[in-house]
Ligand SMILES: [Zn+2]
């Protein structure tokens, strides 16, 4: 018995036009079929992953800014010579 083939419902966006995805679908979601690339569930997972990555970066960036602000505030009354003599002691 031949396995029923479904075409993906996803859309491929080109530079000037978009067309329906020509891939064979292997994921069924709400009576619609999608290929791996257009499967809404894996798209959501990917989005969640990149959002987590972005949030991590944002947190690190905030921390860097906080550090930099504190450094500037600490150093602003010191002359370059004083700063150099401090760092030489380390
Ligand atoms: Zn597709």
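Any read-out appearing in this document is the output of simple, stated calculations on the displayed coordinates, not a laboratory observation. These numbers come from a predicted model, not from an experiment. Methodologically, a virtual Cβ is constructed for each residue, glycine included, from the backbone with ideal geometry; neighbour enumeration extends over all protein chains shown.
A few comments on the model shown:
- Packing rank of 17-23, 55-61, where each peptide gets the mean count of other beta carbons within 10 Å, highest leading: 17-23, 55-61
- By average C-beta atoms within 10 angstrom, highest first, the peptides 39-49, 72-82: 39-49, 72-82
- Relative to the longest principal axis of the Cα atoms of the chain, the long axis of helix 80-89 makes an angle of roughly 80 degrees.
- The angle between the Cα long axis of helix 40-75 and the main principal axis of the chain comes to about 10°, on a 0 to 90 degree scale.
- FRET efficiency for residue 30 and residue 56, using Cβ-Cβ distance with R0 set to 22 Å, rounded to 0.05: 0.10
- Relative contact order (%) - criterion: Cα under 8 Å, at least six apart; region: the chain: 16 percent
- Square roots of 5 times each gyration tensor eigenvalue, C-alpha, the chain, largest first, Å: 57, 14, 10
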